[in-house]
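Below is one structure, written out as structure tokens; the observations come after it.
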Amino acid sequence: MIRVGINGYGTIGRRVAEAVMKQNDMKLVGVVKNTPDYKARLAVAKNIPLYCVDDSGVSKFRKAGFDVSGVLDDLLKEVDVIVDCTPGDVGKTYRERYFGAGVRAVFQGGEEADVAETSFVAQCNYERAVGRRSVRVVSCNTTGLCRVLNAFDTAFGLERARVVIARRAVDPEETSKGLIDAVVLDPVEIPSHHAEDVNTVLPHIDIVTMALKVPTTHMHLHSLILSLRQKPTREDMLKALSETTRVKLFWRSEGFKGTANLYEYGRELGRPRGDIYEACVIGDSVTVKDNEVFLYLGVHQEAIVVPENIDAIRALMGEASAEQSIKATNQSLGIV
Ligand code: NAD
């Protein structure tokens with residue numbers, strides 16, 4: 001059993017913790033939680049041991065009536081891998097502490113790429129992470145893009161990718177940050193950081209990305225224009241996508257006209273929190289003109305990186321091939 005700890009029990013940490021609990025080859029030793037709130041209470045109800053960042057946190061939690069198993073350094077003594085799910089740029093402040101304890105570390109996409117030895121999307125570059133001390137699971141947008149771009153590159157040769165990303169403004173819970181009543185260029189500069197991030201996983205791809213924030217909380221929507229080396233038919237392209245793991249096709253004839261239907265689909269599916277782990281391609285949008293292909297891609301930002309975190313843990317421990325790990329993760333999370 002791979003012994004796993006999670007530092008940071010927020011949007012991503014909560015999901016990764018529960019995904020770890022579903023793996024036959026992993027044991028969740030505990031999670032580090034900052035605030036003694038209802039989420040901590042729910043973690044206790046799920047029999048998840050709680051740890052605090054430091055002794056002051058322990059006093060705070062005990063005063064609020066929580067049973068605490070220790071501090072982060074105690075957790076690090078008990079685990080093989082720590083999954084850092086703290087907010088962006090906080091993970092790097094813990095890096096030396098993890099390594100000092102002899103623990104392997106998975107970081108998230110809010111960190112700079114140099115926080116870890118390699119950036120990671122399981123179906124693109126699993127092998128590069130095998131046996132390493134640290135890995136960075138790239139952001140939600142980069143994960144969705146890499147899955148689709150890699151599928152086209154492998155099947156037809158990808159000459160160029162141009163992508164406009166409409167980003168959800170905030171996660172549903174982030175009331176302190178808004179919603180917004182505007183379309184905000186985020187960033188104004190072109191390319192946005194997503195292109196560089198894709199290149200940390202697929203370095204050979206010629207890609208330019210542009211990104212803007214829109215007033216929604218539940219999904220990102222990408223508009224892709226890709227130039228291919230070969231001239232496949234539309235059917236060839238749909239076949240390539242349908243045969244790619246963790247990419248799912250959705251159809252207008254079945255009522256999928258945008259992110260609201262995808263969001264509703266996730267909730268009806270009955271997965272925890274309505275999560276959609278797959279990159280969601282609207283099949284009807286796949287359009288071919290000469291060697292160019294156009295399509296829309298939806299990304300459930302809170303969920304898409306969850307399977308990647310599970311595979312990243314296995315890759316660091318070097319105990320499974322990409323195929324074995326992806327299969328085990330998919331089965332445990334209900335990804336068909
Ligand atoms: P979040 O704010 O929801 O959760 C972060 C958690 O860490 C919170 O529980 C917070 O209390 C805790 N925390 C804060 N400071 C801490 C510290 N110093 N030590 C320990 N815990 C601390 O953030 P999130 O959305 O889960 O993001 C986590 C990482 O995942 C970021 O790198 C982010 O960029 C990345 N990510 C987020 C999303 C998303 O849509 N939310 C998608 C993909 C990747």
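The values are calculated or read from the model by the stated rules, or taken from the named source; none is laboratory data. The model shown is predicted, which means the values in this text are computed figures rather than measured ones. Ideal geometry is used to build each Cβ from the backbone, glycine not excepted, and the neighbour counts take in all protein chains shown. Keep in mind that these areas ignore ligands, DNA and RNA; they rest on the heavy atoms of the full protein, side chains included. Shrake-Rupley method; radii C 1.70, N 1.55, O 1.52, S 1.80 Å.
Annotations for the structure displayed:
- The alpha carbon radius of gyration of the range 150-261, expressed as a multiple of 2.2 N^0.38 Å, is 1.22.
- When you count the other C-beta atoms within 10 angstrom of each residue and take the mean per peptide, 113-122, 184-193 line up highest first as 113-122, 184-193.
- Treating each Cα of the chain as one equal point scatterer and applying the Debye formula with no solvent, the log10 of I(q)/I(0) at q = 0.09, 0.13 Å⁻¹ comes out as -0.47, -0.98.
- Heavy-atom surface analysis with a 1.4 Å probe gives the chain a carbon and sulfur content of 49 percent of its accessible area.
- Lys, Arg +1 and Asp, Glu -1 on Cβ, resulting dipole of the chain about Cα centre, debye, nearest 20: 620
- Choice from 127, 112, 243 with maximal GNM fluctuation in the chain (Cα, 10 Å cutoff): 243
- Selection from 121, 12, 44, by position along the positive dipole direction of the range 1-130 (Cβ): 44
- Per residue of the chain, the DSSP helices (runs of n ≥ 4 H) give a summed -39500 (n - 2.57) that works out to -11000 deg cm²/dmol at 222 nm.
- Estimated from the Cβ-Cβ distance and a Förster radius of 25 angstrom, the FRET efficiency linking residue 99 and residue 34 is about 0.70.
- Of all lysines in the structure, those lying under 30 Å Cα to Cα from residue 22, and not within fewer than 8 positions of it along the same chain, are 33, 39, 46, 77, 92, 248, 327.
- Additional length obtainable on full extension of the chain from residue 112 to residue 63, 0.36 nm per residue less Cα span: 14.0 nm
- Selection from 295, 232, 172 lying farthest towards where the dipole of the range 140-299 points positive, charges on Cβ: 232
- Computed about its Cα centre, the charge dipole of the range 140-299 is approximately 240 debye, with only Lys, Arg, Asp and Glu carrying charge at their Cβ.
- Partners of residue 63 within straight-line reach, counting aspartates and glutamates whose Cα lies under 14 Å from its Cα and excluding those fewer than 8 residues away in the same chain: 37, 55.
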